[in-house]
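Each remark here refers to the structure printed beneath this line.
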């Protein structure tokens, strides 16, 4: 009986794995007019944990925006308190609308006490290999 249950579990797992999308399949869904941003914030000395605490909730909030395509918050392993955001929005207008959201404005308002030098934003263009 146990062997039958294990076989059934393996079969279900194999089917789920086979149905899962493979690496890179989501890239085709990002249109050429998508707007990409890389942003950096450095915590003031001793403010790393506070900045992390107010920044982590942004992940769920931004990812819930239907115009947000990709959102990663990263922290430098060698320099805790150095945060790098990688964001892709449907277009530039969607990014600007994101910046005007109340939760973004509230986060930005807290930065002078927690971050050294504010946010450095680099607006990027996504390139595609057409070969």
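A quick yes/no check of all residues on (1) in a helix (DSSP H, G or I); (2) buried (at least 17 other Cβ atoms within 10 Å of the Cβ):
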| site | (1), (2) |
| --- | --- |
| 60 | yes, no |
| 66 | no, no |
| 72 | no, no |
| 79 | no, no |
| 83 | no, yes |
| 94 | yes, yes |
| 97 | yes, no |
| 103 | yes, no |
| 113 | yes, no |
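If the condition is being in contact with a strand residue (DSSP E or B) (Cβ under 9 Å, 6 or more places away or on another chain), in contact (Cβ under 8 Å) with a residue 40 or more places away in the chain and closer than 18 Å to residue 120 by Cα, then the stretch 48-88 contributes 51, 55, 58, 82, 83, 84, 85, 86, 87, 88. Residue selection: residue 19 fails the criterion of being at pLDDT below 95 and touching a strand residue (DSSP E or B) at 6+ places or on another chain (Cβ under 6 Å).
The values are calculated or read from the model by the stated rules, or taken from the named source; none is laboratory data. All values reported here derive from a predicted model rather than from experimental measurement. Backbone-built Cβ (ideal geometry, glycine too); neighbour counts: all protein chains shown.
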